[in-house]
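Structure, as structure tokens:
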């Protein structure tokens, strides 16, 4: 029996870009460095569901910086490039 890999469908995990791939794409295309926090914020904004974070802050009063507009646009471009949105 012969199985041709190119005929198989991608699994959901295979079709998603990793945070490192997104960071690399943004850096190469725009020269901007983005953090995992910014990527997670934009993915959440787009409705991309992430698994639950097990490294949660002990206090809810913690402050998180908000993603700047130019970095948000670059991350959105990367998500479109990787066909995640």
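The values are calculated or read from the model by the stated rules, or taken from the named source; none is laboratory data. The shown structure was predicted, so the numbers you read here are calculated from the model rather than taken from an experiment. FYI the Cβ positions are ideal-geometry reconstructions off the backbone, even for glycines, and counts take in every protein chain you see.
Side notes on the structure shown:
- Criterion violated by residue 80 - all others in (1) modelled with pLDDT of 95 or more; (2) closer than 14 Å to residue 18 by Cα; (3) assigned to a loop (DSSP other than H, G, I, E, B) satisfied: (3)
- Some residue of segment 58-75 being under 9 Å from the mean Cα position of the chain (by Cα), surrounded by 14 or more Cβ atoms within 10 Å (Cβ to Cβ), assigned to a helix (DSSP H, G or I) and at pLDDT 80 or above: yes
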